[in-house]
Every structure is written in C-alpha cells, then in structure tokens.
1. Could you list, bin by bin from short to long, the percent of Cα-Cα pairs of segment 230-389 in 10 Å steps?
2. Under the 0.36 nm per residue contour assumption, what length would be gained going from the current alpha-carbon distance of residue 328 and residue 132 to full extension?
3. Pop a pseudo-label 7 angstrom from the Cα along the beta-carbon direction at both residue 274 and residue 830 and give the gap in nm to one decimal.
4. Once you have a ≥ b ≥ c as the square roots of the Cα gyration tensor eigenvalues for segment 813-908, tell me rounded if a/c is under 1.5, and otherwise prolate or oblate according to whether a/b is larger than b/c.
5. Distance between Cα centroids, segment 497-535 to segment 802-862: provide it in whole Å.
6. If packing is taken as the average number of other Cβ atoms within 10 Å across a peptide's residues, how do 897-907, 722-732 rank, most packed first?
7. Neighbour counts of other C-beta atoms within 10 Å: give me 1136, 702, 896 arranged from fewest to most.
8. What is the order of 733, 528, fewest Cβ neighbours within 10 Å to most?
C-alpha cells in the first residue's frame, strides 16, 4: 500500500523527510533540505518477522529476535551499526524502476559496451528511452536511520536520514559507513559524505567526494559498495563491473570501464587509487586480524562458481564485463580464470599468469560480509568470516562462516559451514552489545516493500562482548596514551583498531616510551601489529620519527610482524612514479636495502611484501651505482624469487611482478636485458611486468620456446590491443601437439589478429587454420566463422567481446580465388564443416564450385543439413538455373530439405510455392507445417492469406494440430488486415481472464529443444543456468532439473515458467504454520495430503500437523524472478518447455542438448 507516514513509538516521521537541495559536484559541500512528497510503497506492520524467525536455521546455543521490521525499513541492501545503537540502512526503491540491467534492455547493449563515461551512459539512455526517461527518476534510493535508544536490541525510532538519490544515472545505494560524525554513502555514480550538524537524525550537509563510477549498466546489483576503514585509517570501497572514469583530487584520471575494482583513499578523499581490479561484483570488504583484505566475488551465471578473493595491492582477478555476453563467457570459462590456482591439471595448463586466482570457490550469491571481531561467539570463530549468500529466496540463502589459514603468500579456506540459514540476507555485522545482526530482504529480487533486522546472540558470550560497546560508547578521546596502548590486547578487533587510530592522531611525544618498548618486544603478535599500524599512520603523515620504530620490527622473529612492517613502510618510500630527482625520505635507501635482503626471507608472506615495497620504490637506492646499474641490482633478486618459487605460489609471483613493474616504469631497458633469461619463470615475470605497462616489447615473447609464455604474450598483445604488435601475433606459428586448451587459447587470438588486419595474406592464414586437421573442430569452425564475417566484421572482438569496431565493409574481392582450391575438401567433410563451407561459396560467389554445390543439393544420400545449405547456395550461385534442383528437392525424403526447397521456391515461382506450402500444411511433419506457415507469411499475396485464414479457422474450430497453433497466431498478428484482426479477437475471447497462463497454452507443443537448450544455457535475460543444473548430483541455487521431463507434465513446466510461485519444487518451499492453539511451526514442506502436512524443521526434525489443527498457513515464494515471463516470447516459452520436457534421464551426466527425445 502507499504509505504517507510512519508511526514509531510515540513519534511521527515522514517517510520522505529529506531530499537533496541541489546536486553537488566533486569536493563541494552543499546544504540539503527536506522532501515532503516522496512516499514509496512499503508494507504495513505485521508479525511476519516473528513468524519467519521460526523458519531460520539458527546456530546451536544462539537465540534470535526481531530488531526492526517493515514499515520501519524496506528493501534493505546494506547497513552500518554504531556503538550507540544506531543502524544506518541503505534502502532501494528503484530496482527495475531506474536501476536497470542489460539483460532486460539488450537493445542498448552495444551502446553500453561502447560507453567510456557516465555521460555516455546518460546519452544513450536518453536516446533509447526518449520521453520515458523521466519514469526512471520517479523512485528513490535513500538512507534510513534506525535507533535503539535503550540498548534492548529493539529499534524505537525510525527516520529517513537522506533521500533523493534518483537521477537518471543513479544506481543502487549499496554502501554506508559512519565515522566520527561523517556518513559515507556509495550510490553510482558518486561517493558521498553526509553530515547531520544539528543532531536531529537527518543529514543537512552533503559533499560529493568523487563522481564518475558506473560508466556502464552491466547487471543490476553490480554497484558501489563495500565501505570499510582499514587498519591504515584509509577508506576502502568497491564497485562491480560497471566500470569507472574518475578524476582524483590530485588530477589523475582513474579509468577502467570494463571491470570491477577496489579503491582506497584518505578519509578526506585525497590520494584515491585503484587498489585491485578484475573483479565482477565484490559487494563487501573485510580485513582479518592481520590487516589482510578479503572479498567475495559473484559468479557469471554460466556454471562457474563464486570466488573468495584475497585482495592484494595491484592484483587483477581476471574478469571483464564483456565476457558476460558470450554464451560460454569466453576466456573466463575457457581459460579457467575463476578456478583456484592449480586446482587441477587443466587449470594449471591454461589459467592466465597475469591474474591472481581466488583462494577458493564458495557461495552462489555473495553479498554482505563481516569479519569476526573476536567477541560474541565461541572460540571456534576466531579469525573467521561471515559471508551472506543471497539466492533470491530464503530456502537456500543465509550466512556462511569459514576461516582462513596462511598458505604461502596467501591463504586457504578452513572450517566452511552454514552458520545461519534459510534467511534472504543481504548484509550482516556484529553489533556492540554481543549480538550478530542480519539484514533480511525477505523475498525475491526487485524488493517487496519489506525489510527486517534480526539479532542473534549466544548468551554464554553475550555479556563479555557487550563490554566492547561500553568502551567505544564512552569514547577513547579521554584515555591516556598508555591506556590506549593497553587496549591493543583487547579481544575485540574494533576496540584495538579504535585505540591505535586514536593513538596515531596524537603527537608521538605523547606516547609513553616504556609502553611502546613493551609492545615492541612482546611475543604477542596482535599488539605489535596495532603498534605498527599506528606508527605507519604517523609515518605516512610525514613523521620521520616513526620510521626507525617500524624498521626495527623487520628483524622480528614473527613473520606477521615482518610482513606488516614492510606493508606500512610501502607508504614511506618514494613512489615509483615520482621523478627521479624528487627528494625522498632520508630513511628510504636503508628501507629499500632491508627490503631487498628480505627477498630471501624463509616466509613467503615476507618475501611478497618486500617485493611490493621495492616495486613502490622503483628499485632506487639499492646500491651506489648509476640508475641502470641500480635497477639491475634490484631486478636480479626479484627474478631469483620467481625462479625459486617455480610457479608454485601465485600471490608471490604477483608481488615479484609488481616489484619488476615498479622498476621498469622508471627505465624499461634494464628489465629487457633479462628477456632471454634461461629460466622460464624469470622470463614469465619479465613478460608480466611488460604487460602491466602495455609495452610493445612484449611481442618478443610471441616466439618463446615455452608454450605457456608464448600464450601469455599472445593474451597481452591481443587482449590489451598493444600497439604495433598485432602483425607479429598474426604471423605466430605454434606447436599443434601442445596442450589442447592452450592451443585453443593461442590460436583464437592468432585468428582474431589476422581477422582484424583483414588483408589477403591474413585471410590465407585463417583459411589454413580452418584446413588444418590436426587442430580441434571448434578452432577450425572458428576460423571458418571468421572467414564468413570478413566483409562486414561486427564491432565486438571475436575472443574477448570487447567493443573494438573495424571499418566496414572491407574489400574481399580476393576471397573467391582464395577459397576455391579448398572448398571441395570441406564439402567432403562432415556437416559441421561442409555447411559453413557451402555458405562461404555462396557468400563470396565462388563460381568454380557451383556445379559441385548443385550436385550436393541434388544428392539424395547427402546429409540433410548439408543439402539445405547447398540448396540455398545453388540458388545464390546459379539463380533461376537452379530451379529444377529446387523442384526436385521439394519431393526429397528429408523434411528439412523439403522445407528449404519450398522456401526457396517462393523466390523462383511464388504461385507454385503457395501450392506446395499448402500441401505441406496438410501432409507435412510438424517442422514442415511450421516452416510452411513462416513461408506463407513472407508471401504477402491474397493466395497466401487465404491459406493462412483457412488454417486459422481450423484452429478456432479445434482441428488444427496443437504444435502449429502458436505459429498461426503469430502469423495472423503480423498481417495488417481486418480478416486477421477479427480472428485474433475471436481467439482472445476464448481466453479466461482468471487464467494467467491461458495465452501461453499454445506454447505447450511444437517447441524446438535445441532452441530451448540455447535459451537455457545462453540467454542472459533468462539466466536459467544461474540457478538450475540439468545433470545428476549437481546442486545450484534452485532445484536440479535432471529427469524433470519424466517426472512432470508439460503443463507443470509451462506453469513453472509463467507463474514460478504457484508450484514450488519439493525441498524449496518454506511454509509457516499457525496451529489452532496459536503455536508457530516453520519448515520445508515434505508431504501434504487432505489429512496431514509434514514439515522438515531447520533442525532436521520432521513434524506432522493434522490439517484440522491448522489455523493458518503462510507459504513461501519461489526464488525465480516473478517477472521472468516478461523477457520471454511465447516462442521462447515453447522451446524452453520442449527442452525441459526432453530431460528424461534422472542420472544425466552431460548438459548437451543431444539425447533429448
């Protein structure tokens, strides 16, 4: 319902209390004023939250209760909890009402892939939407402030803190953080800082810190989020793969329009930098106790798995948003980018070396994320993370928990389990009262106008945990520096961090020397790290007195201490981009020399941090030689790290490459001296450093004897479009006997390079690849496909799908002569080669093979698909001279050949075509009948209309086959005449208004399973494979569909597509029952008949309830998008039903479309 006011306790708050007074530009602080008119649709108060609580799977020993629920909040995306009981909640009301998704606007996909700035996106939206653009600004996103005044875990006040985020290009407000009175808020395209200066719970000042995020739409939910403050007192945040084009305060342009990233800046907005990139949708960020950053990154709905990522500075995780629109996601799947490092032999052979792979694959919809602060739960959860797994419905959603333990320079996953389950949680965090809080979206994807916050607590640990809140509520400002240092031993990481940040804000002269010495010499790791972070903040601010205390820790016996000491020192040394004559901190030479010595440290974490530091310094001050000599002195130890690593540790390799890159940015020549290093790992390191610089020198590695290095060079040259290197890539020769996946990745890029260059010699190379029987069928077919696209190349790259337009049309007069000697061999091959080769002969007018093509068209023993192509080519090459071949084909044994001949007859002899199409409708197979209707539609003649009307009348009379009814309806809808309009009206009058699937029943029969397979696995707007598997024992978000065709009727399948919530699959329907005695029982429905209902409770217990004892039942909803049908035509639905009905084998082991009935 439409709500105009919220009554909370005894106070009345307008839901639209606040709107931006005017748009602010970056760096400008503007006043903001209330908005009185915006009243979004929010559900009324109910006991739904309490009822739902009964269905949750709650950890043993913990209790749960509702902290807040609708109408106090709605559609919550993320939240931030303060020590004084305030909840800042991001609310969204713009899902598919302004916050859009390319899947549902494929008409602007090309413009989206082309966009480089937010202004570009605004321009193409206005172009495509026209007058409807204003509709995209009707709904708002906003920040809700909820207040628990008395600390009882229940909210007493609710008000709108900030509103009016509804510009045409605004995204979802998906990140919020409060710190020292400043509220940071991420809402594409901006990062905001808001302030409530009069403490009335409503923001009255707003500053746009940065603008330019979200240059593309990509997918909904791929927004800005992840706000957190690191132990270095810097602001970290993330963006999904919508890209960015942002100018920093210092005048540097940060531009990556095609991928997700993590950023870092000072709290005042200075020194914004890209910390990591190559991510798809890193929604939240969290630091562990040792200052290591992690995120969960979403999968691409193509059978791949979500990623748990250890975020290391400068890393590239490998995702590019244009992969999304390739059916197989291109290199992301083909080259196993999403797999953990060396997880199997195939991954080891093909995974790119330029990426940093994930620690593990976990979750299906990673959203909110929290690191355990150390209080509130049993000791098991020390050093654990809590990751929200959002899957569109509560049944298989919840919070996962797991720990990480060091493995080389990175980590491995341990103790992974479902912590809190059967709740559609978007975010989670630990409060300051001992509670764990979960933010509940409630249901679906678009936002139901509901929202809840639940508090879960472990009574045994609750009281001790609440002490943290007391410390932080009282504030640390009045504590002595000695007291602050004493807090470094507190169990709560939040208390420890607040203490070291407070200490770092004070002059070091106020720090008690005895306490500092005591911490610095203790055997306890954690206190020493917090001291290092405090010292690092001082050093970064220019206090050179802090540096000796940090460098002293480089000799610690504790590898974590050495690691963090090096990390904080990275911000002290001169940057690699600084001019060579720029003054540097006096301590820098000594720091860098110490870092160089630690490249031989026994611990991989330390070696990695030392390499990163040397990269930041650019290798300066390693010795006393001239710059080139100094660089060489720095390079050799880094190469030794790579050699000794032997490719075993991807994180260590990344760090060493970052070191080499920093050196090469100052002077690439010394690095090139090692390009022919005898060790392949060293050469690979040089190559990867050159890649980061997009250096054309990388082309020299295209002929490397190591096939892995050769491929890595090809990736760089092609994927990055490195200047002046494409010609060398196009001419590369490779070992056909190498690993098949590696050959595929290399050859595709060679084909693409030749395709882009476009000359005769380039076409000859591609044709040679197509003819090479030593290569895989898929590669050879790709080569033939490139030949077919040669004249009018599309704007998207053939390998990675990036927008890279080629001037079109191109000259192809050489093609006929080039192709003629080779086509006969293809004709004699199997249909997969014969068909495209025949099509090429027609496309390029290869007269030399016209007789051979006609003979194939006339051959009764030829493959039907080959004959189909040959018939079309014969008409193209011979014109009317091929008419007799076509007429004979009308009488062929194959329905496909007959249908093709009839369609061709339309051009040759329209009158005879009508007769033949009429006969096909009377006597042909279903496929022939459908083809005949399509042919009659093309014949805009009275005779064709008469046949169509005759058959539509049969349909109305109930005598037309079910399999062609949809074809007849669509044919009539394409005709612009009263006769057809009357018949459509007659058909429509038979449909029941009370039957929502009535108009889709014509989709029950006549579908093509092959087309259905393509929709299921390839169509991004359907995203079926995102949630459903079709092979045995594979579990995704939704029900496994293996064998569904044998278990369910087509009517059921149709209903599931049109009305996904009507019949929820067994094991996925959550039910809440209120008994006649008032007892609440919740669980998953296992069985129901007229007498009883059996539920499986979250504990696994079966509960039987007699139907006579049930007072009320609240069924759950399907996790499938309720509006899925909006994006499917009736023909799409028909093909999907046919494909699903073909899935007869419960024990299927392949996803292939082959084998359907």
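1. Binned Cα distances yield the sequence 11, 37, 34, 16, 3.
2. Values: separation 196, 0.36 × 196 = 70.56 nm, distance 3.40 nm.
This chain segment gains 67.2 nm when fully extended.
3. A separation of 4.3 nm, rounded to one decimal place.
4. On the way: a/c = 2.24, a/b = 1.42, b/c = 1.58.
Oblate, since a/c reaches 1.5 and b/c is not below a/b.
5. Result: 75 Å between the Cα centres.
6. On the way: 897-907: 23.4, 722-732: 18.2.
Most protected by this proxy first, the peptides run 897-907, 722-732.
7. Working: 1136 27, 702 24, 896 17.
Sorted ascending by nearby Cβ count, the order is 896, 702, 1136.
8. Details: 733 10, 528 22.
Fewest-to-most ranking of 733, 528: 733, 528.
Laboratory data are not the source of any read-out in this text; all were calculated from the coordinates shown. Keep in mind it's a predicted model, so treat the numbers as computed, not measured. Cβ atoms come from the backbone with ideal geometry, glycine included; neighbour counts cover every protein chain shown.
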